[in-house]
Amino acid sequence: MSEDPGESILATTWHFNGDTLLSLPFEIFHRREKKQTLIPAEILFNQMDDVFVGSLMSSPVYTVSNDTSLQNAGETMREHKIGSTIVVGDDDHLEGIITATDFIHVVAEGDPDPNATVASVMSTEVITTTASESVQTAADIMIEHGFDHLPVVDGEAVIGVITTTDLTAYLSTTEDPSPS
C-alpha cells in the first residue's frame, strides 16, 4: 500500500444507535498506529449496501402450523439447529414466528403447559423483508425492533430468514486479518 494519505482504502461503515462505526482492514490499523495516516472520510463507503438479503438469508424455511405443540416446534428447531421457525396457515400464508427467545419466556414463566401450542407464544405482528433488500436495511430493521430473525418473503411466500448469525458470518469473512 502506498503511504499517500489520499489513497483509496476499503472500509466498512455501520450505523448503530445514531453513531457511525468504521471497520478497517487490520494492516490499516497497524499502519495508522505507527504512522498516524489519516483516511479522508469521503473515500469510505458502506459495503453492506452492495449486498442483498437473498445472498445471505438462511434457506430452506422450516415451518410449523399454529396448532403444533411447543414440544414439536422445539424439536424441529433443535433438529435443524435453527433459532426460529415460521408459523404458517393451511395456505402456507405467514401467520407468525416462534424463536428460541419465546421458549426462554415459556420456561421462565414457570411450569410449561405440556399441551401448549405454538399459537400461545408465537409473535403474530411479523415484520418481513425481501431478497432484493440491502443487508444494511435488514440490519437496521433488526436493530430498531430488537429482532434476531427476519423472514424474507416473495409476495406472500416466505422464502428464507435472515438472522444475526447470517450477518455475523458475512462480516467475519469480508476482510481476513493479515499477519504483521
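Here, each number is a calculation from the coordinates, and none is a lab measurement. Keep in mind it's a predicted model, so treat the numbers as computed, not measured.
Relative contact order for the stretch 107-156: what percent, with Cα pairs under 8 Å and sequence separation of 6 or more? Can you show the working numbers first?
On the way: 22 pairs, mean separation 18.8, N = 50.
That works out to 38 percent.
For the stretch 53-168, calculate the relative contact order in percent as a whole number, restricting contacts to Cα pairs under 8 Å that are 6 or more residues apart. Please report the intermediate quantities before stating the final value.
Working: 183 pairs, mean separation 39.2, N = 116.
After rounding, I find 34 percent.
Given 20 °C and 1.002 mPa s, how large is the Stokes-Einstein diffusion coefficient of the stretch 59-139 in µm²/s, with Rh as the Kirkwood radius over Cα pairs? Show your work: numbers first, answer last.
Working: Rh = 13.5 Å.
Diffusion coefficient, whole number: 159 µm²/s.
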